[in-house]
Amino acid sequence: MAAPCQVDFYVLAGAAQSAQRLACRLAMKAREQGFMVSVRTEDEKQAKALDELMWDYPPGRFLPHGAGSEGAASPVNIGTDQQDIPADRDVIINLAASAVPEPARFRRLLEIVPSEAAQRDASRNKYRQYREQGLDPAHHTIGKS
């Protein structure tokens, strides 16, 4: 039997912290470990902004990525919550307000929780959904003093 999906919630402690920058760092770390990564965004605008950021962040590093269906073969794929996640992905980084469908088909699911109240509420709902599916999400606070 395959190991269950490991779900981690990364809670940003401050409003100045960027969910997109953390997504880039997490994607880089997963790629360095040899994983195929997909970043799921809320919409095309967020996907385009993340695509632009990945060209420059992390500084001095190259993160091979592609967006949408053209980027499906890239080691790091950026897509919206309306697009299918490529089947070969090991790690999903979710920036969308909705839960990832069928999370158990992936090795890791990384949820980034911004400090805004509405996004925190959406993350609480996702946490409950994953628990209802038998997953045991872990919680990490980023930037706490």
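Based on the mean of other Cβ atoms within 10 Å per residue, sort peptides 128-136, 32-40, 88-96 so the most packed one is first.
Values: 128-136: 13.0, 32-40: 19.2, 88-96: 20.8.
Most protected by this proxy first, the peptides run 88-96, 32-40, 128-136.
Any idea what diffusion coefficient the stretch 1-63 gets from Stokes-Einstein, in µm²/s, Kirkwood Rh on alpha carbon pairs, 37 °C, 0.692 mPa s? If you can, show how the numbers build up before the last one.
Working: Rh = 13.2 Å.
My calculation gives 248 µm²/s for D.
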Carbon and sulfur atoms: what percent of the 1.4 Å accessible area of the stretch 1-144 do they account for? 50
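How high is the relative contact order of the stretch 84-145, in percent, counting Cα pairs under 8 Å that sit 6 or more residues apart?
On the way: 43 pairs, mean separation 16.5, N = 62.
Computed value for the stretch 84-145: 27 percent relative contact order.
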Counting alpha carbon pairs within less than 8 Å and at least 6 residues apart, what relative contact order, in whole percent, applies to the stretch 30-145? 24
Given Cβ point charges of +1 (Lys, Arg) and -1 (Asp, Glu) and nothing else, what value in debye, to the nearest 20, does the dipole of the chain about its Cα centre take? 480
Compactness relative to 2.2 N^0.38 Å, alpha carbon Rg of the stretch 1-117: 0.98
List every residue whose amide H lies under 5 Å from the amide H of ILE93, counting only residues 5 or more places away in sequence or on a different chain, with H placed 1.01 Å from N in the peptide plane. SER38, VAL39, ARG40, LEU110
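The values are calculated or read from the model by the stated rules, or taken from the named source; none is laboratory data. The structure presented is a predicted model; accordingly, all values stated were derived computationally and were not measured. We place every Cβ from the backbone using ideal geometry, glycine too, and count neighbours over all the protein chains shown. Accessible surface areas use protein heavy atoms only, side chains included; no ligands, DNA or RNA. Shrake-Rupley method; radii C 1.70, N 1.55, O 1.52, S 1.80 Å.
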